[in-house]
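Input: a single structure, listed below in structure tokens.
The values are calculated or read from the model by the stated rules, or taken from the named source; none is laboratory data. This is a predicted model, so every value here is computed, not measured. Glycine gets a Cβ as well: all are built from the backbone with ideal geometry, and neighbour counts include every protein chain shown.
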Amino acid sequence: MNRRDFTRTLAAGASALPFTHSFASSFSQDKKLGVALVGLGGYSQGQLGPALQETENCYLAGVVTGTPEKEKVWADKYGIPEKNIYNYETYDQIADNDDIDIIYVVLPNSMHAEYTIRAAEAGKHVICEKPMAMNVAECRQMMDACEKAGVKLSIGYRLHFEPYNQKVMEVAKENTMGKINFVRCGAGYRMGDNWDQWRLQKDLAGTGALGNMGVYAIQGAIYAVGENPLYVRAQEFKTIPKKFDETDETVTFQFEFPSGVVANCETSHNAKMNYLYVSAEDGWIELDPYSQYGGLKGKTSKGPLNFPQVNQQARQMDDFAACILNNTQTPVPGEMGLRDVQIIDGILASIESGGDKVKLDDLAF
């Protein structure tokens, strides 16, 4: 896939139209789709549940939780009927529920493949949180299951629906600042004192900061350039080895792109970083912060950017609903999630080799 084809694909779908939110006018049928959240942790509680109160094309229809106490809390807060509340033992019965069209998998990484595959087998469309899965084989199994069932699969890449990041994509797509030559991108935060959280456990998370926040840095570099990387070098650092004995703490990595662009990226579970900078022959664009849920800011060599602050998750879910109703392709499909897991594997291989250059062959998207 060359740069022109890549950026055309990246821009496909209603979400890539400049900074729009309403997709209702393009609907092929007048129906809101029901969404069931699988896993009621912090992201569902703080972001997805509230976002589904702002969506135009879908609504919160059900939940799946392994914690009985949460059933009543969510039922009371969002008016979810008892028949639309499931646990992990009754999960497959969701196949018989016509209220639910989309299942959003918001579980630890080790559970993504199983619950995406079971959702597909139940005949439901699926959004899976990032990283897509623990490894490439699981990603392919998820994609195969969705294809076999005739359902759509999307990955929770919310920043593709956010105006400041869409502007960065536009710069790459339209070549408005001339040839891009350098990118810097960092995504990380300081993890709290809870050493028992699942993100510190390799069997649940797979990787640490790299699979969690590093995906944002991988994504940012790629859509800032409009190409997939060709090579990567990577390094890992630990300042609290006891805490991060199973997973990575801080990772830096450098991409080389086919056009000659170089990107320096970093991610961490022990350092706060949130920036995306793109240098081109006729100017530059910088977002800081660029990947948090709100309060994004940006500027260019010609002056500040001023776009509306939006509910990223609401836009993301609305776009997927529109893709289902219009039978169009989501701009963030399973192939993109697979590609990023392939890149993570390349980064890990470079770290294992002591920082050697690794070629990134046969990327899926």
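Quick one: which of Tyr275, Tyr290 is among the aromatic types (Phe, Trp, Tyr), assigned by TED's automatic domain parsing to the domain that holds Asp196 and surrounded by 22 or more Cβ atoms within 10 Å (Cβ to Cβ)? Don't jump to the end; show me each part of the working.
Numbers: Tyr275 fails: surrounded by 22 or more Cβ atoms within 10 Å (Cβ to Cβ).
Answer to the check: Tyr290.
Of note, Gln316 does not satisfy the criterion of being modelled with pLDDT of 95 or more, not in a helix (DSSP H, G or I) and not assigned by TED's automatic domain parsing to the domain that holds Met177. Within the stretch 184-209, restricting attention to residues that are touching a helix residue (DSSP H, G or I) at 6+ places or on another chain (Cβ under 6 Å) and assigned to a helix (DSSP H, G or I), the residue that is surrounded by the most Cβ atoms within 10 Å (Cβ to Cβ) is Ala205. Among the residues of the stretch 346-365, those that are surrounded by 15 or more Cβ atoms within 10 Å (Cβ to Cβ) and out of contact with any strand residue (DSSP E or B) (no Cβ under 8 Å at 6 or more places or on another chain) comprise Leu363, Ala364.
Matching residues to (1) among the hydrophobic types (A, V, I, L, M, F, W, C); (2) within 18 Å of Tyr231 (Cα to Cα):
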site: Gln254; (1), (2): no, yes
site: Gly303; (1), (2): no, no
site: Asn306; (1), (2): no, no
site: Val310; (1), (2): yes, no
site: Phe320; (1), (2): yes, no
site: Asn326; (1), (2): no, no
site: Gln342; (1), (2): no, yes
site: Gly354; (1), (2): no, yes
site: Asp361; (1), (2): no, yes
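Just one of the listed residues (Ser259, Ser279) is within 16 Å of Ile180 (Cβ to Cβ) and in a loop (DSSP other than H, G, I, E, B), namely Ser259.
Is at least one residue of the stretch 42-50 of a type outside the set (A, V, I, L, M, F, W, C), modelled with pLDDT under 95 and closer than 21 Å to Lys124 by Cβ? No, the stretch 42-50 has no match at all.
I want to confirm something. Restricting to the stretch 228-251 and keeping residues that are β-branched (Val, Ile, Thr) and surrounded by fewer than 20 Cβ atoms within 10 Å (Cβ to Cβ), which single residue is farthest from Phe182 (Cα to Cα)?
As a first pass, look at the stretch 228-251 and keep what is β-branched (Val, Ile, Thr): 232, 239-240, 247, 250-251.
If we keep only those that are surrounded by fewer than 20 Cβ atoms within 10 Å (Cβ to Cβ) too, we end up with 239-240.
Values: Thr239: 29, Ile240: 31 Å.
By that ranking, first place goes to Ile240.
Tyr216 falls short on exactly one of the conditions (1) part of a helix (DSSP H, G or I); (2) in contact with a strand residue (DSSP E or B) (Cβ under 8 Å, 6 or more places away or on another chain); (3) over 25 Å from Leu363 (Cα atoms), and that condition is (3). Being more than 17 Å from Asn212 (Cβ to Cβ) and among the aromatic types (Phe, Trp, Tyr) is the requirement here; does Phe307 meet it? Answer is yes for this residue.
Return yes or no: is Gln53 over 17 Å from the mean Cα position of the chain (by Cα), surrounded by fewer than 15 Cβ atoms within 10 Å (Cβ to Cβ) and at pLDDT 95 or above? For Gln53, the condition - over 17 Å from the mean Cα position of the chain (by Cα), surrounded by fewer than 15 Cβ atoms within 10 Å (Cβ to Cβ) and at pLDDT 95 or above - is met. In summary, Tyr223 fulfils each of the numbered conditions (1) surrounded by 16 or more Cβ atoms within 10 Å (Cβ to Cβ); (2) in contact with a strand residue (DSSP E or B) (Cβ under 9 Å, 6 or more places away or on another chain); (3) farther than 18 Å from Leu107 by Cβ with the single exception of condition (2).
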